[in-house]
Number of protein chains: 2
Amino acid sequence: MASSIHDLARHLNISIGTVSRALNGRADVNAETRQRVLEAARELNYSPNQSGRSLRQGATRSIAFMLQPHPGDQQYGEPFFIPFLTGLQARLAEYDLDLMVVMGEPGQYQQERLRRVVETRRADAVVLANTRREDDRIDYLSKAGFPFATLGRSLSGGDTYPSLDIDFERAGDEAVDRLVARGHRRIAAIRPSLDLNFGYLFLDGYRKALKRHGIKVDPGLIADGFINEAGGYQVTPRVIISKDRPTAIIFNNDAMALGGCKALAEMGIRPGHDIAVIVIVDTPLCRYFSPALTAFRPSLEPMGRRLAEMLLASLPAFAGPEGVRIMREVWPLELIARDSD
Amino acid sequence: MASSIHDLARHLNISIGTVSRALNGRADVNAETRQRVLEAARELNYSPNQSGRSLRQGATRSIAFMLQPHPGDQQYGEPFFIPFLTGLQARLAEYDLDLMVVMGEPGQYQQERLRRVVETRRADAVVLANTRREDDRIDYLSKAGFPFATLGRSLSGGDTYPSLDIDFERAGDEAVDRLVARGHRRIAAIRPSLDLNFGYLFLDGYRKALKRHGIKVDPGLIADGFINEAGGYQVTPRVIISKDRPTAIIFNNDAMALGGCKALAEMGIRPGHDIAVIVIVDTPLCRYFSPALTAFRPSLEPMGRRLAEMLLASLPAFAGPEGVRIMREVWPLELIARDSD
DNA sequence: CGTTTTTCCGTAAACGTTTACGACAACACA
DNA sequence: TGTGTTGTCGTAAACGTTTACGGAAAAACG
């Protein structure tokens, strides 16, 4: 069934060394012999066995994508990741690299799974998602000297690895800008309570913009909640209760925004009429919600492709003539103005 | 850095054969030696190199999931697949199997990518999604004798492989039932135009239920469109235009439903008021749309786990004491009644 | 023609495992 | 004591590649 390089060699009456060299485009093989080898390979339907290759070369030609569902995130997961994954795997495929997807149990750190991938050398590098502010996965990989890149920034590990993130500061900043320009002064911010770094980045931008506009930051207008619909539902009333009610809310997560809007509805407060709502990361849900939610949208598929490139550029085996480069990029979001603000 | 079985052997002054047997729980090794080996393995932080293992055993311990985006399906992909993938990979992980995700270019058949996986033996089996009515991927895998399972049914390949599908016939049937019970007699059906099998299955159920209720099937009430929002938007007016307007529409896809509702809105027809709308496969979008769309919902995460089990049961290396079994299952959907019908 | 260079190819080792086989010692049994 | 059995381990081959090395023939050069 599966023909090996030995079959080819026997069939052609030459040595396996020559066959291998011919197939790999080595210079020291006669043009005619190469031709014969290639023909025979087609004829015998030969493809190199990846396990043999991996063993000899010490490289598996596959990249692991570590996706960690947030706690409570069950039914439909993050729509966020499919387009990112699409881009990532598309670019990797161009380099003949495979993509392994490793998920953790929802809400559980995935150190074990990560260790397994690294120690059994199932992948040549990993891509981390759901980056935490302090991320022990990053510490582990740095210490182990295992190549990786992250989607999202982290305080861990220094500048030793490529990372690509969305510009949450700027999004927070621009959201405030937009709201202030529309006359709002009391602007609430709702973000996830976990150690997810983007919650901090968002808040930085939010604070900075308020300060620029001479608006005092009111801690009563900032709330943290579980990063899902229930969390948004639960925590939103807290910023509403305050005597001097906000006229606008910025949600740092789409699911939380949906839950928040539900809570608002129950309080008789209509987004887009009685209160302005902006969501920092757009998903299709924002578009179809009623009222359609104004949101900041990232370019996920291009980001996936880009992070693949950045990761490869950091790997000696794939680095171009300029040598290994550690790149860090922060990408802007695009404001999609809809009906909620 | 990476310690091999040789390092262990040298460290303990025993042969690599014994080390391997000890680690693999073979019977013919002294209890005390095994203890020493296990300790040394922990001490030297040893994990078996997967490439070496794969090469020797002729098995990679990884399963490929072939996900093929539909043409035109770009920004957010199918929210459908994340929970399925979660379940699939969770169960596979229990068997220490990895999940490789292979996507095709949107709208392009992925034969090439599939051949590559099979011929270079990068995976031990594959799981096919987006099953076509006649699917050349299935033909290829059957002919090649490569193990696989499918999410979705197909006419290709006979009953030689495990498959798990949603009961689209019954969903179509029940949707009609429900609408008839509410007084509707003119019920339109909109489905994808591609060769996707579920479009046919749905229509079977739809026709069967109409017949049971003594309602003649009106071809003017059935339309095929591109399986995305634009397709639904484009094709929905066709069934509306007919002189004797339908009072209800069943959409066989969530994206098409959203596009269809947009078209209806532009014609001044309000779902839930002027026309009843039911969607066959629920996604979060249906829930947040306004009006919230009544829809049939599958249990995707359990289905993912189940298909993993079914695939493994069909593999000699994993089959239990009953031996290899080829299972085919069709799972019911749950009706989520909302506001659109 | 002799020497050097180039071209091309075969040999064999190596990557890290698993496992069939046989060896040896200890033990049991008659 | 001789024979068979059992327990434990070492040896070596094998999986399918790639590649360092060396050698033979051909070509180039003086």
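Computed from the coordinates by the stated procedures, all read-outs in this text should not be read as laboratory data. Given the structure is predicted, the values throughout are model-derived calculations rather than measurements. Note: ideal-geometry Cβ built from the backbone for every residue, glycine included; neighbour counts use all protein chains shown.
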Revision key, fill the gap. Taking placed amide H atoms and a strict 5 Å upper bound, the residues 5 or more places from residue A:227 or on another chain that come that close are A:193, A:194
Review point. Put a point 7 Å out from Cα along the line to Cβ at residue A:325; what are the distances to that point in the other copies, in nm, shortest first?
Key: 5.6
Check your understanding: Where in region B:10-57 are there trypsin sites (Lys or Arg not before Pro) that are in a DSSP coil and have at most 16 other Cβ atoms within 10 angstrom of their Cβ?
Key -> B:26
Practice item. Please build a GNM for chain B, connecting alpha carbons under 10 Å apart, and tell me which residue among B:206, B:46, B:95 fluctuates the most. Key: B:46
Check your understanding: What lysines could a cross-link reach from residue B:211, if we take a straight Cα to Cα line under 23 Å and drop same-chain neighbours fewer than 8 places away?
Key -> B:243
Check your understanding: Taking the Cα centre of chain B as the origin, how large is its charge dipole in debye, to the nearest 20, when only Lys and Arg (+1) and Asp and Glu (-1) carry charge on their Cβ atoms?
Key -> 280 debye
Check your understanding: Want the number for residue A:245 to residue A:142: 0.36 nm per residue separation, take away the alpha-carbon distance, what's left?
Key -> 32.4 nm
Review point. Are there trypsin sites (Lys or Arg not before Pro) in region A:249-341 that DSSP marks as loop and that have at most 13 other Cβ atoms within 10 Å, and which are they?
Key: A:325
Point to revise | Computed label-point distance, nm, for sites residue B:185 and residue A:319 using a 7 Å Cα→Cβ extension | key: 7.7 nm
Review point. Roughly how crowded by other chains is peptide A:117-126, in terms of the mean Cβ count from those chains within 10 Å of each of its Cβ atoms?
Key: 4
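Just checking the output field for B:48-61: average partner chain Cβ neighbours within 10 Å of each residue's Cβ?
That average works out to 5.
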Check your understanding: Averaged over all directions, how much area does the convex hull of the C-alpha atoms of region B:114-158 cover when projected, in nm²?
Key -> 2.8 nm²
Exercise for review: Determine ³J(HN,Hα), in whole Hz, for all residues of region A:270-276 in sequence, where each value follows from phi through the Karplus function 6.51 cos²θ - 1.76 cosθ + 1.60 and θ = phi - 60°; x replaces Gly and Pro.
Suggested key: 9, x, x, 10, 8, 8, 8
Practice item. Tell me which residues come under 5 Å, amide H to amide H, from residue B:65 once H is placed; ignore anything under 5 positions away on its chain. Key: B:100, B:101, B:102, B:127
Exercise for review: Pull up the DSSP beta bridges for the protein assembly as shown and report the antiparallel fraction as a percent, rounded to 5.
Suggested key: 10 percent
**Study point:** Kirkwood-based shape ratio for region B:188-286, expressed as Rg/Rh from alpha carbons
**Key:** 0.94
Review point. Amide H of residue B:189: which non-local residues (sequence gap of 5 or more, or other chain) have their own amide H closer than 5 Å, using H built in the peptide plane?
Key: B:222, B:223, B:250
Check your understanding: Measuring from centroid to centroid over Cα atoms, what is the spacing of region B:34-50 and region B:131-175 in Å?
Key -> 44 Å
**Study point:** Residue-by-residue Karplus 3J(HN,Hα) for region B:334-340, coefficients 6.51, -1.76, 1.60, Hz, glycine and proline x
**Key:** 10, 6, 10, 6, 10, 10, 9
Study note, to complete from the structure: For the protein assembly as shown, shape from the Cα gyration tensor axes a ≥ b ≥ c, cut at a/c of 1.5 then a/b versus b/c, turns out oblate
Practice item. Find, among the residues of chain A, the one whose Cβ sits nearest the axis of the rotation taking A to B; state the distance in whole Å. Key: A:290, 2
Check your understanding: Quick one: label points 7 angstrom along Cα→Cβ at residue B:105, distances to the other copies in nm, smallest first?
Key -> 4.2
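Could you tell me what % of all Cα pairs in chain A have separations over 25 Å?
Everything past 25 Å amounts to 59 percent.
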**Study point:** Fluctuation leader among B:273, B:213, B:11 - chain B, Gaussian network, Cα springs under 10 angstrom
**Key:** B:11
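For peptide A:92-102, how many partner chain Cβ atoms fall within 10 Å of a residue's Cβ, on average? Numbers along the way, then the final one.
Working: counts 0, 6, 0, 0, 2, 0, 11, 5, 7, 9, 4.
Averaged over the peptide's residues, the number is 4.
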Check your understanding: Which order do peptides B:153-160, A:187-194 fall in by mean Cβ count within 10 Å, highest first?
Key -> A:187-194, B:153-160
Revision key, fill the gap. Whole-Hz Karplus couplings 3J(HN,Hα) for region A:185-194, θ = phi - 60° and coefficients 6.51, -1.76, 1.60, Gly and Pro as x, run 10, 9, 10, 8, 10, 10, 9, x, 8, 5
**Study point:** Unit charges at the beta carbon, dipole of region B:168-297: most positive-side option, B:249, B:202, B:192
**Key:** B:249
Check your understanding: For region B:5-48, what are the per-bin percents of Cα-Cα distances with bins 5 Å wide, up to the bin holding the maximum?
Key -> 5, 27, 42, 21, 4
Exercise for review: With label points built 7 Å along Cα→Cβ from the Cα atoms of residue B:38 and residue B:327, find their separation and express it in nm.
Suggested key: 3.2 nm
Check your understanding: Where nothing but the Cβ of Lys and Arg (+1) and of Asp and Glu (-1) is charged, how large is the charge dipole of the protein assembly as shown around its Cα centre, in debye to the nearest 20?
Key -> 80 debye
Practice item. Specify the longest stretch of chain A that does not include any exposed loop site, a site being one of the GluC sites (Glu not before Pro) with a non-H, G, I, E, B DSSP assignment and at most 14 other Cβ atoms within 10 Å. Key: A:135-321
